[in-house]
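Laboratory data are not the source of any read-out in this text; all were calculated from the coordinates shown. Not measured: the values here are computed from a predicted model. Positions of Cβ are backbone-derived with ideal geometry, glycine not excepted, and every protein chain shown enters the neighbour counts.
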Amino acid sequence: MIVYRATELDEKMSRTHPWTFAVHDPNCRYVDFRTEPERIESALEDFRPWDQYPAVERFYALLRWLNGPGSLFETNDCLLRIEDNTDPVRPYKLQAAGRLMLFPSDMRLTCAPGFIEWMMQCFEHYLRQIQPSAPAAAVGIAKGPCWFKSADAEGQELILYFWAWGDTHDATMENLERIFERIRMAAESANEDVRATLIPNDK
């Protein structure tokens, strides 16, 4: 699995958290999965058409954990597209592509200058440590500014872009499941680093 710092995918325009609805689709509305985890399966319209695959259930489990009581993070947005592959570098028929946006719930960290750089390095470190032997998978690590209403301040979100390829839907989704498994492992390790290193008094 390729893991790299995707500077070309850094967002320049600031988002808002919590947001209300997507500009491209007013029916796509923000749901706080920390307070309503039971809506994860029904709210993710990009994932529902593929929920017969284990990869999607693994992603739902990832979101439940990231937004759950054992996590210091929470999520803001995610996306999934599965379509014909047009990348000439990848000799596969299909591509699954998407993103996951997350940040620490503690605004002292999320809005602290330089914290996002530490967070990106942390995720890159752990993702590189636990790479599966799957050349048909990649994760790009990026960032984006966000105005956090609860803090009345701007901070930065971590954006994990992911790609999986395959000649069939089954093969593509198997590679996607491997990515979600590794993101969960990296997030759990990063979570412990945040808990132990940055906020020792808040354990």
Please find, among ALA96, ALA136, ALA142, the residue that is without any contact (Cβ under 8 Å) to a residue 60 or more places away in the chain, touching a strand residue (DSSP E or B) at 6+ places or on another chain (Cβ under 8 Å) and aliphatic (A, V, I, L, M). ALA136
Unmet requirement for MET120, which otherwise passes all of (1) closer than 22 Å to ASP10 by Cβ; (2) touching a helix residue (DSSP H, G or I) at 6+ places or on another chain (Cβ under 7 Å): (2)
So how many residues does the stretch 61-91 have that are farther than 30 Å from SER189 by Cα and buried (at least 19 other Cβ atoms within 10 Å of the Cβ)? 1
Which of the residues that make up the stretch 139-170 are touching a helix residue (DSSP H, G or I) at 6+ places or on another chain (Cβ under 8 Å), small (Gly, Ala, Ser) and buried (at least 16 other Cβ atoms within 10 Å of the Cβ)? GLY140, ALA142, GLY155, ALA164, GLY166
Could you look through the stretch 92-112, keep only residues that are of a type in the set (Gly, Ala, Ser) and either touching a Gly at 6+ places or on another chain (Cβ under 9 Å) or surrounded by fewer than 18 Cβ atoms within 10 Å (Cβ to Cβ) (or both), and pick out the one that is farthest from ALA6 (Cα to Cα)? SER105
Restricting to the stretch 66-115, count the residues that are basic (Lys, Arg) and not in a loop (DSSP other than H, G, I, E, B). 3
